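Since the structure comes first, as structure tokens, the remarks are kept for the end.
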Amino acid sequence: MRKITDEGFLFLYGMGLLLTAETGIPAVIATLLACIYTCVNLAWSEKYLHYITTIAFVAGGIVSKEMWMFLPVALYNMLCFYSPFYIGIGGVVVACVAPTFREDYGLDKGMFIVVGMAAAVLLYERTKRLDELEQEYKRSRDDSKELTLMLEKKNQDLLEKQDTEVYLATLKERNRIAREIHDNVGHMLSRSILMVGALKAINQNENLKVPMEQLDQTLNEAMTNVRQSVHDLHDESVNLKEVMESLTAEFSFCPVQLTYDMGYDIPKEIKYSFIAITKEALNNVMRHSNADEVKILVREHPWLYQLIIEDNGTEHGQIQPDGHREEHAAQERAGKSGNVRKTESNGIGIKNMKERIRMLGGNMQIQKENGFRIFITVPKQS
């Protein structure tokens with residue numbers, strides 16, 4: 001945009017000089033040619049076009065002295081596209097025709113052209129500097145944006161690490177509290193219950209029977225509450241990720257690929273259901289599949305929890321209880337071809353899985369194409 005402004009100004013400057021000196025047909029032709037020259041240089045960036053137009057401009061200036069009024073425009077374009085060598089050649093040509101130009105238009109017009117050429121140099125230097133500053137600003141802006149994104153990523157990683165450490169520390173503290181309650185408070189309550197029971201057995205005072213019964217009942221209720229609290233603390237302290245990683249690591253029948261993408265605040269019902277279903281599914285793979293790869297996906301979405309367990313077992317193999325692969329000869333002889341788990345899909349294991357998911361308000365689907373796939377979704381409770 002700045003280049004258009006500069007060349008437009010220099011073109012108007014040259015046209016003003018020409019109109020003060022010539023008003024005939026040659027002046028109109030020179031103005032049109034200069035206008036074409038300027039537009040071509042602004043519209044196209046190919047160097048060969050600039051060479052052609054500049055040569056044409058110089059030739060026109062030799063034939064028609066009116067073209068030299070637009071010499072500032074030509075100088076500006078030469079500064080933009082050519083080396084100092086070519087600019088020097090142009091200066092020599094100008095010096096050669098300068099005497100003829102001075103005889104026709106006088107020294108004052110020549111001075112105005114020199115002023116225009118000086119203005120062209122100043123405009124070129126200003127535009128060049130502004131373009132350099134703009135490019136430098138864009139580079140700085142891009143670098144700053146990149147650094148900002150990197151910093152945000154590092155901050156996010158630090159926050160996630162901090163959340164993980166807080167979560168693990170919370171689980172550790174819950175386990176410690178559960179142990180303390182179980183070992184100390186539970187032990188004291190148990191001893192108290194035994195002592196009250198012994199006192200009830202040897203007590204002969206009728207007036208103390210009712211209070212001792214009430215004390216025994218109170219202590220038993222306290223013991224029940226303590227046990228429930230310890231149980232709840234233990235349930236809440238289960239780390240689903242660690243358990244899933246442990247299950248896949250201990251499964252030696254075939255490789256297991258685990259993808260875990262869950263948050264920290266997971267209901268205990270979801271934890272224990274997913275753990276139980278994963279155990280049952282891996283057990284089914286070992287007992288009823290000839291798969292050589294298992295994939296497990298555990299993911300939390302904004303509105304639901306998802307568990308996908310799939311293997312690449314074929315529909316013709318069977319695994320015996322001792323864990324060795326062999327072909328199901330009985331089915332082959334009978335002319336049947338079917339995945340053993342087709343009949344197992346209605347067995348106790350699958351029914352238990354479906355019942356667990358139903359109680360959570362979720363959905364479970366089984367696909368038997370290209371292997372065996374269990375797809376489970378459980379909506380989050382609001």
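At what distance in angstrom do the alpha carbon centres of region 189-220 and region 283-317 lie from each other?
Distance between centres, Cα-based: 55 Å.
Here are some pairs, Lys154/Lys354; Lys161/Lys279; Lys161/Lys354; Lys145/Lys271; Lys268/Lys351; which of them have Cα atoms lying more than 31 Å apart in this structure?
From Lys154/Lys354; Lys161/Lys279; Lys161/Lys354; Lys145/Lys271; Lys268/Lys351, over 31 Å: Lys154/Lys354; Lys161/Lys354; Lys145/Lys271.
If packing is taken as the average number of other Cβ atoms within 10 Å across a peptide's residues, how do 220-226, 9-15, 208-214 rank, most packed first?
9-15, 220-226, 208-214
No lab work stands behind these numbers, since they all come straight from the coordinates. As the structure is a prediction and not an experimental result, all values here were calculated from the model. Using ideal geometry, Cβ is built from the backbone for each residue, glycine included, and neighbour counts are taken over all protein chains shown.
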